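Values quoted throughout were computed directly from the atomic coordinates according to the rules given, and no laboratory measurement underlies them. All values derive from a computational prediction rather than experimental measurement. Note that each Cβ is placed from the backbone with ideal geometry, even for glycine, and that neighbours are counted across all protein chains shown.
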Amino acid sequence: MAHHQSAKKRIRQTEARRLHNKYYARTTRNAVRDLRNLSNKAEAEEMLPKVAAMLDKLAKKNIIHVNKAANLKSSLTKHVTQLA
């Protein structure tokens, strides 16, 4: 158990950040999953920039790694271009 005031504050801050990061990471994962499940090319092309922006924001805030975001964007773009 923390005894110093600064340690108690750090625990509160860490918990708040963890919940914030968890929410945005989960939301983005769901968006990626939804985009992968689309079979309509028009809908997928409309959704791709939004999902890419979400991934870029997560990478910018170090919630996910920059390379992971790049890999996901690449595979999603590949998926959308292959739709008929």
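Set the bar at 25 Å for Cα to Cα. Now go through Lys8/Lys60; Lys9/Lys68; Lys41/Lys73; Lys22/Lys78; Lys9/Lys73; Lys8/Lys68 and name every pair that lies beyond it. Please report the intermediate quantities before stating the final value.
Numbers: Lys8/Lys60 28 Å; Lys9/Lys68 31 Å; Lys41/Lys73 16 Å; Lys22/Lys78 27 Å; Lys9/Lys73 37 Å; Lys8/Lys68 33 Å.
Correct reply: Lys8/Lys60; Lys9/Lys68; Lys22/Lys78; Lys9/Lys73; Lys8/Lys68.
Can you tell me the orientation of helix 41-60 relative to the chain, as the angle in degrees between its alpha-carbon axis and the longest Cα principal axis, to the nearest 10? Tilt of helix 41-60: around 30 degrees. The long axis of helix 5-37 is offset from the longest Cα principal axis of the chain by roughly 10 degrees. Placing a pseudo-label 7 Å from each Cα along the Cα-to-Cβ vector at Thr81 and Val66 gives an inter-label distance of 2.3 nm. Working note: 222 nm ellipticity from helices only, DSSP H runs with n ≥ 4, each -39,500 (n - 2.57), summed and divided by the residues of the chain, gives -29500 deg cm²/dmol to the nearest 500. Placing unit charges on each Cβ (+1 for Lys and Arg, -1 for Asp and Glu) gives the chain a dipole about its Cα centre, and among Tyr23, Asn37, Pro49 the Cα reaching farthest toward its positive end belongs to Tyr23.
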